[in-house]
1. Return 40, 124 ranked ascending by Cβ neighbour count within 10 Å, so the fewest neighbours appear first.
2. Below 8 Å between Cα atoms, with a sequence gap of 6+, how large is the relative contact order for the chain in percent?
3. Putting +1 on Lys and Arg Cβ atoms and -1 on Asp and Glu Cβ atoms, find which of 233, 78, 303 reaches farthest to the positive end of the dipole of the stretch 18-314.
4. Which part of the stretch 20-63 falls in the paramagnetic zone of residue 300, meaning amide N under 11 Å from the point 7 Å along Cα-to-beta-carbon?
5. Roughly how many Å is it from the Cα centre of the stretch 203-247 to that of the stretch 85-116, as a whole number?
6. Across 10 Å bins from 0, what is the distribution of all Cα-Cα pair distances for the stretch 1-75, in whole percents?
7. So, with +1 on the Cβ of K and R and -1 on the Cβ of D and E, and no other charges, what is the size of the charge dipole of the chain about its Cα centre, to the nearest 20 debye?
8. With each pseudo-label sitting 7 Å past Cα toward Cβ, what's the residue 18-residue 209 distance in nm, one decimal?
Amino acid sequence: MSGLPQVVRDPTLPERVTIYEVGPRDGLQNERALVPTAVKARFVRRLVAAGLPVVESTSFVHPRWVPQLADAADLVDVLVEELGDSARDLPVLVPNERGLDRALEKGLRHVAIFGSATETFARKNLNRSLDEQFAMFEPTVRRARAAGLDVRAYVSMCFGDPWEGPVPVAQVVEVGKRLFDLGATQLSLGDTIGVGTTAHVTALVEGFREAGLPASSLALHFHDTYGQALANAVAAMRSGVTTLDASAGGLGGCPYARSATGNLATEDLVWLLTGLGIEHGVDLDALVATSVEMAGELGRPSPSAVVRALGADAGE
Ligand code: HMG
Ligand code: MG
């Protein structure tokens, strides 16, 4: 039996948090060696079975830009075969109308666009200027909403940019607000290169609140590059945020962002939430076993401290 932390409740934190799992998409998009579709499908299925309420499965981006996810349509077919219609509730990334069309062809009900808070990253990740990205997203979001889909909008480089340096809170709020005003149903604020610290998180959430977007409309997406992700997660929750993104086993990064290493590991977040008595619904043993299996597929150990600590019990 794995260890679990002793529960000591912190009354200043929410009672329940939704973990938005990005491992199959954000985690795998950076892997050079192609992972077979069947392995990806098993990964998604095991994450769903471990109790993760939201599992982002893949990306309908241009296959030349992210070759690892070129099998997006095939993966969705396999998942629908294995999980039934509920597989159509697993969100996917779509950058533009072409991506949306591909998602609609599969009958998917949740999509996510991904914008940048900075000019340089918009060009590198989307081949668009900061302004042009909105022109690409406008018809995408409008059509998705008209078709009854939920649209999450990621904002990358919210806490710093490897090319531009510091990113002012006001700039992030302006980009996020524009995406929200297009019709997005939730914003996910990404610390793509993991440079943020706790007071910065508080200031960003407060900036959005002042602009009319309460914490309930936000998710926070941390990377653990500098070991700040868990502290930042606590700061986000203290500001009222109840959706946190995480990646099983700490997989991932962004292929178009220099120095974007692993996302916050879902296991590390689950340990923290469990200790704080915050409901999350995830079976930690099942999750660790899933990440250990995936680490075996990828041929290297998980960077997650919790997977390392508990992994031996899961057959590592
Ligand atoms: P582009 O080259 O400017 O595209 O790329 P275009 O609009 O000029 O179209 C060129 C060709 O691509 C056309 O085909 C289109 O049909 C086709 P042709 O007429 O030449 O035969 N095309 C597509 N094909 C399939 N699916 C599509 C699609 N779109 C166009 N969706 C584009 C623009 C946005 C497509 C490209 O830049 C792209 O795919 N970028 C994606 C990069 C990416 O996936 N990055 C990683 C995700 S973001 C991230 O990881 C951050 C996040 O995790 C949060 C955080 O940590 O910060 C979310
Ligand atoms: Mg990420």
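1. Details: 40 25, 124 17.
The fewest-first ordering by Cβ neighbours comes to 124, 40.
2. Computed value for the chain: 22 percent relative contact order.
3. Farthest along the dipole direction, towards plus: 78.
4. 31-33
5. 24 Å
6. So the P(r) values, bin by bin, are 17, 38, 24, 15, 6.
7. Values: 28 positive and 39 negative charges, 101 e Å.
Dipole magnitude for the chain comes out near 480 debye.
8. Label at residue 18, label at residue 209, 2.0 nm between them.
Just so you know, all these numbers are worked out from the coordinates, no wet-lab data involved. Only a predicted model underlies this, so the values are computations on that prediction, with no experimental measurement involved. For neighbour counting, all protein chains shown are included, and Cβ atoms are generated from backbone atoms with ideal geometry for every residue, glycine included.
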